[in-house]
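A short worksheet on the structure shown next.
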Amino acid sequence: MGAQEAAGAVFDPDRAYRCSPRVALRPEPFGALVYHFGTRRLSFLKTPQLVDVVCGLEQHDSVHAAIDAAAIEEAQRPAYLRALAGLAANGTIEERS
Amino acid sequence: MKLVDHFQYGLNSPICLTWELTYACNLACVHCLSSSGRRDPRELTTAEAKGVIDELQRMQVFYVNIGGGEPTVRPDFWELLDYAVGHDVGVKFSTNGIKLDEKRARQLAAADYVDVQISLDGATAEINDHVRGPGSFATAIRALENLAAAGFGQPKISVVMTRQNVDQLDEFATIADRFGAQLRITRLRPSGRGADVWDELHPTAAQQRQLYDWLVAHGDKVLTGDSFFHLSAYGEALPGLNLCGAGRVVCLIDPVGDVYACPFAIHENFLAGNVRSPGGFEQVWRQSELFTQLRQPQTGGACRSCGFYDSCQGGCMAAKFFTGLPLDGPDPECVRGFGEQALAARDADTLVPRSDVDHSRSAPRNSRGPVPVQIGMPDRADGPQVRPDRACETSPLAGMPGDASDSRLRVPVAGG
């Protein structure tokens, strides 16, 4: 919960994000297991494509660009944005300057 | 495929695993799941234990639940704790509190990635000490006081639910609040010495319902190790992973390096291998015959036709095994009562397996009589006498979802 409060700011997919440096991703058949060393919470990225998006955030200047780069179907974009908003809220991803 | 289906087929590495560092224990709890007491001379050495930590780091096992026995009585416990944390393997350790003096409490408060779980099986000394031994309540409370004074953030108070303490749930929550702790409750299994007391200590059917209702009302604040998934058949699924994770997403490494499917299954039938063998833990996890078999699709057996099978998945493998029930039938605490019927149908020919791994002390270190306590069940007054005892550790089960330790599954859903 601390991370959520710390994250504070509203998720804005037009801004640049990155996977938190305190987070480790472990590849699994379904996608990836996520561990946050700060909050000590486990969570899961349920599809390999979501893993691609999260890992690609660092290389793009907006979340939308990272979604584009991962070749996510347009129809899926809202679902991915919701998932990413959740990841921002729990500190898995964070805004970068 | 749903996430939970992936879990059934096994993962590259466990989501969390329980590692019992020693069978030695200063207590002798009557329900000890690992029948702890005496140190095993074949215990992993400090160097071997560090080798296991290195391997866990390579496999990206992000945290381990350390227990025993009483892990803090190992002279190298603090060294191993530092080593694990230094290698990205977070630690939650379960303890009866015996070594948590003011100095250790301050040391823990200064450490990252360490969770402490104090075992307490009664909200009063009377109820607790009946199961965990004289003085054990005071020891646990003192440890909690020391942690609070040192500013340690949110320790866990770990409670095994018994017939005697289900009525104390609110009191446990009060104790947790008092120490800034989080309450964790888990299911009593007929494992280890738990087999000897399960008949008299496991919650009654009415208490199971009471427990379920309490969890539905308070589940967001309480950790469960996902150990009550068999109760999901009452209706609403409980938070967490409603699935037996044995050999699929969790396992146990015991003090001598043996790898079992789960902490509650210390028996040769559930022994997958040993970390000392060539290939180490990784090979056991990924290639052992037993784990491969556990990751096959489950048929449901006698429970297949039950409308609640999807909720409870047939319950706990260890609970069935150690009560002599078939693994593909109902859990002994099946909420529809099929378990009770199956238990009643056992006859003299039914083989109730016992573990051959037993480190109990043959004689108590100090001779105490049983602590007189009578709660409910007057009709069982002539039943088996609960032994006096000492301690050990109950351990976490299947931590899936959740918190660092007991994870509460948080599954971002994208792409269906």
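The values are calculated or read from the model by the stated rules, or taken from the named source; none is laboratory data. Note that the structure is a prediction, hence the values are computed from the model and not measured. Every residue, glycine as well, gets a Cβ built from its backbone with ideal geometry; the counts of neighbours run over all protein chains shown. All accessible areas refer to the heavy atoms of the entire protein, side chains included, with ligands and DNA or RNA removed. Shrake-Rupley method; radii C 1.70, N 1.55, O 1.52, S 1.80 Å.
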Please indicate, with yes or no, whether at least one residue in region A:67-80 is closer than 30 Å to B:Arg286 by Cα and outside any strand (DSSP E or B). no
Consider B:Asp379 against the criteria (1) over 30 Å from B:Leu231 (Cβ atoms); (2) at pLDDT below 50; (3) loosely packed, with under 10 Cβ neighbours inside 10 Å; (4) charged (D, E, K, R): it satisfies all of them except one. Which criterion is unmet? (1)
Cβ-Cβ below 6 Å, separation at least six or inter-chain, first residue in region B:144-171 and charged (D, E, K, R), second at pLDDT 95 or above: which pairs? B:Lys156/B:Gln117; B:Lys156/B:Gln182; B:Lys156/B:Arg184; B:Arg163/B:Leu201; B:Arg163/B:Pro203; B:Glu171/B:Ala123
Scanning region B:123-158 for residues that are at pLDDT 95 or above and assigned to a loop (DSSP other than H, G, I, E, B), which turns out farthest from the other protein chains (Cβ to nearest Cβ)? B:Pro134
Whether any residue in region B:240-250 is under 24 Å from B:Asp5 (Cα atoms), surrounded by fewer than 22 Cβ atoms within 10 Å (Cβ to Cβ) and touching a Gly at 6+ places or on another chain (Cβ under 6 Å) is what I want to check. no
Residue match in region B:296-308 (condition: open to solvent by less than 30 Å² (accessible area, probe 1.4 Å), closer than 24 Å to B:Trp198 by Cα and not in a helix (DSSP H, G or I)): no
Scanning region A:35-65 for residues that are surrounded by 17 or more Cβ atoms within 10 Å (Cβ to Cβ) and touching a Cys at 6+ places or on another chain (Cβ under 9 Å), which turns out farthest from the other protein chains (Cβ to nearest Cβ)? A:Leu57
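Just to be sure before I move on: is A:Ser20 polar (S, T, N, Q), more than 26 Å from B:Cys16 (Cβ to Cβ) and touching a residue at least 24 places away in the same chain (Cβ under 8 Å) in the structure I sent? Break it down stepwise before answering.
Values: polar (S, T, N, Q): yes; more than 26 Å from B:Cys16 (Cβ to Cβ): no; touching a residue at least 24 places away in the same chain (Cβ under 8 Å): yes.
Judged against the criteria, A:Ser20 is not a match.
Can you confirm whether region A:73-82 contains a residue that is within 8 Å of chain B (Cβ to nearest Cβ), within 28 Å of B:Gln182 (Cβ to Cβ) and surrounded by 15 or more Cβ atoms within 10 Å (Cβ to Cβ)?
no
Of the residues in region A:16-59, how many are acidic (Asp, Glu) and part of a loop (DSSP other than H, G, I, E, B)? Talk me through it step by step, then tell me what you get.
We begin by selecting, within region A:16-59, every residue acidic (Asp, Glu); these are A:28, A:52, A:58.
Remaining after also requiring part of a loop (DSSP other than H, G, I, E, B): none.
So the count comes out to 0.
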Identify all residues within region B:90-122 that are more than 14 Å from every other protein chain (Cβ to nearest Cβ), in a strand (DSSP E or B) and more than 15 Å from B:Leu80 (Cβ to Cβ); write none if there are none. B:Ile118, B:Ser119
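Condition (residue is in contact with a Cys (Cβ under 7 Å, 6 or more places away or on another chain) and buried (at least 19 other Cβ atoms within 10 Å of the Cβ)) applied to region B:202-210: is it met by at least one residue?
no
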Looking at this structure, is B:Glu340 open to solvent by 80 Å² or more (accessible area, probe 1.4 Å) and in a helix (DSSP H, G or I)? yes
Tally up the residues in region B:1-59 that are more than 10 Å from every other protein chain (Cβ to nearest Cβ), hydroxyl-bearing (Ser, Thr, Tyr) and either surrounded by fewer than 24 Cβ atoms within 10 Å (Cβ to Cβ) or part of a loop (DSSP other than H, G, I, E, B) (or both), please. 6
